[in-house]
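Here is the structure we will look at.
The values are calculated or read from the model by the stated rules, or taken from the named source; none is laboratory data. What you are looking at is a predicted structure, and each value in this text was computed from that prediction instead of being measured. Quick reminder, even Gly has a Cβ in these numbers, built from the backbone with ideal geometry, and neighbours come from all protein chains shown. Each accessible area value is taken on the protein alone, full model and side chains, heavy atoms only, with ligands, DNA and RNA left out. Shrake-Rupley method; radii C 1.70, N 1.55, O 1.52, S 1.80 Å.
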Amino acid sequence: MSKKVLTIQDISCYGSCSITVALPILSIYGIETVILPSSILSTHTGGFHNVVIHDLTNEMPKIIDHWISEGISFDAIYTGYVGDNRQFDYILKCKEKLLKPNGLLIVDPAMADHGKLYSALDESIIDGMKRIVSVADYIIPNITEAALLTNNEYREEYDDKYIDKLLNDLYNLGAKKIIISGIKNKASIGAAIYDGKKVEKILAEKQNKSYHGTGDIFSSVIVGNILNNQSLSDAIKDASDFVIKSIKATDNDINHTYGVKFEEVLNDRMNKGKQK
Ligand code: PXL
């Protein structure tokens with residue numbers, strides 16, 4: 001039977017991130033993807049000015065209550081960018097009332113990068129994010145988010161000890177499996193994973209340019225792979241490969257700076273699937 005996922009994040013109408021990447025990516029896996037938009041924005045907030053933001057906090061409980069009354073349930077809940085601190089109560093309600101027994105909560109605490117919170121967010125989002133991280137089965141923060149969630153200082157340069165401390169502190173918050181993305185050394189970039197027993201690093205070839213929305217693509221592919229019962233390390237290797245190919249598909253178009261052209265990679269996957 002095909003799986004059903006609820007993804008809770010914003011709709012950035014233009015900008016190739018959040019729901020507009022999660023939906024097509026998860027659909028390729030044959031996963032039915034249901035959305036609970038936390039807000040609607042004209043664009044994402046990284047690099048655009050005068051972004052129009054329509055907050056949907058007040059709609060969320062009405063939508064959730066309707067689903068509860070319809071007896072709807074999900075195999076997983078996958079959360080991303082949350083626009084308002086009041087929304088964490090509703091996310092926890094979804095976990096309690098709409099997630100099947102043994103269903104997974106997968107949290108990408110998408111709130112910051114390069115040492116800073118995203119521009120439309122304030123510090124209150126950090127405490128809210130801690131509440132859902134502490135009950136999550138998987139979390140997928142980048143280094144900035146990992147540092148903010150654990151009150152560690154953000155570092156551009158770091159050693160294994162720093163990453164191990166972030167992993168350990170996140171595990172102590174309550175998350176069962178931690179995936180920190182964007183771990184870099186001279187030639188490589190990748191993720192560090194920890195399940196309370198062993199740390200593993202999964203590295204791939206570093207790209208010269210960084211683009212917006214690649215974190216959301218990385219997380220969406222991981223969610224698809226986890227629900228497809230792949231091992232976590234294979235899920236991450238594949239997600240890195242997907243992001244690298246998406247960046248390569250974008251690098252030759254200097255006008256495309258707001259996200260990556262992941263559609264070309266998705267199209268390849270779909271055609272490969274068809275040949276089988
Ligand atoms: O890609 C993360 C993201 C998602 N949603 C919104 C954002 C960002 C990053 O800036 O602004 C609205």
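For this structure, a couple of remarks:
- Dipole in debye (nearest 20) - the stretch 118-276, about Cα centre, beta carbon charges: Lys, Arg +1; Asp, Glu -1: 580 debye
- For the stretch 30-186, the relative contact order is 18 percent, taking Cα pairs closer than 8 Å that sit 6 or more residues apart in sequence and dividing their mean separation by the residue count.
- Heavy atoms of the protein chains alone define the surface here; on that basis the chain has 48 Å² accessible area per residue at 1.4 Å probe size.
- Per-pair calculated FRET efficiency, R0 = 45 Å: E96 and I254 via Cβ, rounded to 0.05: 0.40
- Tensor-based shape of the stretch 138-276 (alpha-carbon gyration tensor, a/c under 1.5 rounded, otherwise prolate or oblate): oblate
- Rounded to the nearest 20, the Cβ-based charge dipole of the chain about its Cα centre (Lys and Arg +1, Asp and Glu -1) stands at 760 debye.
- Positive dipole terminus of the chain, leading residue within Y211, N225, P24 (C-beta point charges): N225
- Heavy-atom surface analysis with a 1.4 Å probe gives the chain a carbon and sulfur content of 48 percent of its accessible area.
- Remark: accessible surface ordering of D137, D10, D55 (largest first) is D55, D137, D10, probe radius 1.4 Å.
- Solvent-accessible area of E156 with every protein chain in place, 1.4 Å probe, in Å² to the nearest 10: 130 Å²
- A simple charge model with +1 on the Cβ of Lys and Arg, -1 on the Cβ of Asp and Glu and nothing else charged puts the dipole of the stretch 31-162 at about 340 debye relative to its Cα centre.
- Built amide H within the under 5 Å cut-off of S188, gap 5+: K206
- Residue pairs, from the table K130/K261; K161/K186; K197/K237, whose Cα atoms sit over 28 Å apart: K130/K261
- Coupling constants for the stretch 255-269 follow from the phi torsions by the Karplus curve (6.51 cos²θ - 1.76 cosθ + 1.60, θ = phi - 60°), and in residue order they are 7, 9, 10, 9, x, 10, 7, 6, 4, 5, 6, 4, 4, 4, 5 Hz; glycine and proline get x.
- ³J(HN,Hα) computed for each position of the stretch 145-161 - Karplus, 6.51 cos²θ - 1.76 cosθ + 1.60, integer Hz, glycine/proline x: 5, 4, 5, 5, 5, 10, 6, 9, 6, 7, 10, 7, 10, 7, 10, 4, 4
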